[in-house]
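Below: the structure, in C-alpha cells.
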Amino acid sequence: MSDIKTVDARGLSCPEPALRAKRAMRDLGSGRIEVIIDNGTARDNVERVARLGGWSVDARELEGEEVWLLLEKS
C-alpha cells in the first residue's frame, strides 16, 4: 500500500488540524495518512483523534516546530 494521503495543517488553529485529519481518516477508512503540523496542541489533538479511531501514530520532528505524523490503519 504505497499511496499516502497528505494533510498539510501548518498554520491552522485548533481544532482545524484534528478535523482535517479526522475527515481524511473517515474518507480512507484504512491506509496511510501523513499529517504535517506546526504546534504542540495540534499534534496532541491529531494523535488523540487518530488513536481513538484505531489508527497507529508515528511522529517525527521536522525543522523548527513542524511535526510529521504518519497515521496507519489496515
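What do you get for the angle between helix 40-52 and the principal long axis of the chain? Use alpha-carbon atoms, 0 to 90 degrees, nearest ten. That helix lies at roughly 20 degrees to the long axis.
Comparing D27, D38, D58 in a Gaussian network model of the chain, where Cα atoms under 10 Å apart are tied by springs, the biggest mean-square fluctuation is seen for D27.
Taking volume of the Cα convex hull per residue in Å³ as calculated from this structure, the corresponding entry among [x] 73; [y] 125; [z] 86 is [x]. In percent, rounded to a whole number, the relative contact order of segment 4-73 is 35, using alpha-carbon pairs under 8 Å and six or more apart. Simple rule: put +1 on each Lys or Arg Cβ and -1 on each Asp or Glu Cβ in the chain, find the dipole, and look at G29, L62, S13; the Cα lying farthest toward the positive end is G29. Comparing E47, E34, E16 in a Gaussian network model of the chain, where Cα atoms under 10 Å apart are tied by springs, the biggest mean-square fluctuation is seen for E16. Against the chain, whose longest principal axis comes from its Cα atoms, helix 16-28 is set at around 10 degrees. Counting only Cβ charges, +1 for Lys and Arg and -1 for Asp and Glu, the dipole size of the chain around its Cα centre is about 440 debye.
Rule-based calculations on the coordinates, nothing more; no lab input. Computed from a prediction, not measured in an experiment: that's the story for all the values here. Note that each Cβ is placed from the backbone with ideal geometry, even for glycine, and that neighbours are counted across all protein chains shown.
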